[in-house]
Amino acid sequence: MGEISIKINIADRVYPLRVTVEEEEIIRHAAKLVNEKIKELQENYAVRDKQDLLSMCILQYATGMIKAERNAKSHEEGLEEKVHELDTLLTQFFSK
């Protein structure tokens, strides 16, 4: 599919972007989440500077992403080990 031009508002600044049609919904949703997080941080902390709020927001999202990646990797390693065990059991069973 082709690209489309959209405008995204984050922290009261407008950013023109060229995205694929498939990406548009995801990008708009991501911008909404960022703006909601900024508003939440602004309400809960005595921080008013947009740069500070954006930095705190990105730190929270990056931390969450790293935790999710580590969790997924841990599950993949566990699954790989179980598949290897099953393969060994099946090999032993069928070689008798």
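All of the numbers you see were taken from the coordinates with simple rules; none came from a lab. Since we're looking at a predicted model, the values are computed, not measured. Backbone-built Cβ (ideal geometry, glycine too); neighbour counts: all protein chains shown.
When only Cα pairs below 8 angstrom with a gap of at least 6 residues are kept, the chain shows a relative contact order of 17 percent.
A dipole drawn for the chain from +1 and -1 charges on Cβ atoms has a positive end, and of 4, 45, 66 the residue lying farthest that way is 45.
Axis angle, to the nearest 10 degrees, between helix 21-44 and the longest C-alpha principal axis of the chain: 70 degrees. Over the C-alpha trace of the chain, radius of gyration and Dmax come out as 22.2, 72 angstrom. Annotation: lysines with alpha-carbon distance below 18 angstrom to residue 7 (same-chain offsets under eight excluded): 32. Shown in residue order for region 53-70 are the 3J(HN,Hα) couplings computed by the Karplus curve 6.51 cos²θ - 1.76 cosθ + 1.60 at θ = phi - 60°: 5, 5, 5, 5, 5, 5, 5, 5, 5, 5, 4, x, 5, 5, 4, 5, 5, 5 Hz (x for Gly and Pro).
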